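Worksheet: one structure, shown below.
The values are calculated or read from the model by the stated rules, or taken from the named source; none is laboratory data. Everything numeric here is computed off the predicted structure, so don't read it as measured data. Don't worry about glycine lacking a Cβ; one is built from the backbone with ideal geometry, like all the others, and counts go over all protein chains shown.
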Amino acid sequence: MSTMQPWRLMAILCLLGAGWGMTQPLTKIAVSEGYEPLGLIFWQLAIGAVVLGVFRAFRGKPLALPRGLWWFFLMIALLGTILPNSFSYRAAAHLPAGVMSVIISLVPIFAFPVALLLRTDRFGWLRFCGLLMGLAGVVVLAGPDSLPDPAMVWWVPVALVAPLCYGIEGNVVARWGMHELGPGHVLFGASALGAIVALPLAVMSGQFIDPRTTWNAPEYALILSSLIHVSVYTGYVWLVSQAGAVFAAQVAYIVTGAGVIWSMILLGERYSLWVWGAMMLILAGMALVQPRQKASIAQ
């Protein structure tokens, strides 16, 4: 368990959430002209691998990927990017970016029972009530009065795959650790091997994106989103190792508020009073969840 003061952990949580929230409207922009998920995922992973590789080489950190840990890198790539983004990119083409931000709030709802099952966290009524308040906010925000078109509700289950994957992944890292690797090393390995897996899938499915095209908003949104993803995701993996999966999963609440605000700024989306009321519930729920004083985290 980290000796860092709780308020510092909360500040880092808010910073990660603000950055992650911006990726929601950027995702909406990236899929606005018909790009398919696998093509976007390949470039997101490839950009992440290059940026992290250059950064690690500049700092003199190892780039080697131990063959015995390839399964671990691939698992992080699958649960952290390939699987969740395959569904979220598809859903983003049909749902408002603000609603996508709200759906990410379900990460702690999935993470909490998994944490109890893996014994990486203990049940607490105060924390449980906080999670329920967050869920109540999600229910209000995703209600029929919040969706521009009631038919959009059918895409909500598709979007739910992403928080499910994140909730499982966070608990896996908290339970079994990172095999003596730093978060940057883990994400570099996951990005590199994930890109190798995603490339043939994108090509064979006809979803590969040729960069030799006229660059417009979708292409720039993909680049910016990928860079933010690298920074935020490295910080998220680190936070899991310091404060536990359930606390780190509360980043989803910050992502919700930031995603809605960024969507208003970048996409001009507007929301009803139901949305703002839901956000108050979500923020109140987050306030009830504090860093654990004791934790069962793999070294």
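For every residue, the table says whether it meets (1) closer than 28 Å to residue 241 by Cβ; (2) among the charged types (D, E, K, R); (3) in contact with a Gly (Cβ under 8 Å, 6 or more places away or on another chain).
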site: 109; (1), (2), (3): yes, no, yes
site: 113; (1), (2), (3): yes, no, no
site: 126; (1), (2), (3): yes, no, no
site: 132; (1), (2), (3): yes, no, yes
site: 147; (1), (2), (3): no, no, no
site: 156; (1), (2), (3): no, no, no
site: 163; (1), (2), (3): yes, no, no
site: 177; (1), (2), (3): yes, no, no
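There is at least one residue in the stretch 268-284 that is at pLDDT 75 or above and under 20 Å from residue 6 (Cβ atoms).
Residues that are surrounded by fewer than 22 Cβ atoms within 10 Å (Cβ to Cβ) and assigned to a helix (DSSP H, G or I) were ranked within the stretch 115-129; the one that is modelled with the highest pLDDT is 129.
Scoring residue 208 on the criteria (1) of a type in the set (Phe, Trp, Tyr); (2) surrounded by fewer than 21 Cβ atoms within 10 Å (Cβ to Cβ); (3) assigned to a helix (DSSP H, G or I) leaves a single failure, condition (3). The residues listed here are 177, 184, 130, 143; of these, the one that is on the phi > 0 side of the Ramachandran plot and touching a residue at least 24 places away in the same chain (Cβ under 8 Å) is 177. When the stretch 66-114 is filtered for residues that are outside any helix (DSSP H, G or I) and within 30 Å of residue 148 (Cβ to Cβ), the ones remaining, listed by number, are 93, 94, 95, 96. Restricting attention to the stretch 88-113, the residues that are crowded, with 20+ Cβ neighbours inside 10 Å and either closer than 17 Å to residue 28 by Cβ or over 17 Å from the mean Cα position of the chain (by Cα) (or both) total 14. Look at residue 60 and say whether it is loosely packed, with under 14 Cβ neighbours inside 10 Å and either under 19 Å from residue 100 (Cα atoms) or touching a Leu at 6+ places or on another chain (Cβ under 6 Å) (or both). Against the criterion (loosely packed, with under 14 Cβ neighbours inside 10 Å and either under 19 Å from residue 100 (Cα atoms) or touching a Leu at 6+ places or on another chain (Cβ under 6 Å) (or both)), residue 60 does not qualify.
Answer yes if at least one residue in the stretch 215-228 is surrounded by fewer than 21 Cβ atoms within 10 Å (Cβ to Cβ) and within 29 Å of residue 66 (Cβ to Cβ), and no otherwise. Yes, the stretch 215-228 contains a residue that is surrounded by fewer than 21 Cβ atoms within 10 Å (Cβ to Cβ) and within 29 Å of residue 66 (Cβ to Cβ).
Annotation for the stretch 242-251: at least one member residue is surrounded by fewer than 23 Cβ atoms within 10 Å (Cβ to Cβ) and either modelled with pLDDT of 90 or more or not hydrophobic (A, V, I, L, M, F, W, C) (or both). Only one of the numbered conditions (1) within 22 Å of residue 15 (Cβ to Cβ); (2) touching a Ser or Thr at 6+ places or on another chain (Cβ under 8 Å) is violated by residue 240, and that is (2). Report whether or not residue 156 is assigned to a helix (DSSP H, G or I), at pLDDT below 80 and either out of contact with any Pro (no Cβ under 6 Å at 6 or more places or on another chain) or surrounded by fewer than 18 Cβ atoms within 10 Å (Cβ to Cβ) (or both). No, not satisfied. Residue-level analysis places residue 257 outside the set of residues that are within 17 Å of the chain's Cα centre (by Cα), over 21 Å from residue 148 (Cβ atoms) and at pLDDT below 85. For beta carbons closer than 8 Å, sequence separation of 6+ or different chains, a first residue in the stretch 224-235 that is free of Cβ contacts under 8 Å to residues at least 60 places away in the same chain and a second that is buried (at least 22 other Cβ atoms within 10 Å of the Cβ) and aromatic (Phe, Trp, Tyr), there are no qualifying pairs.
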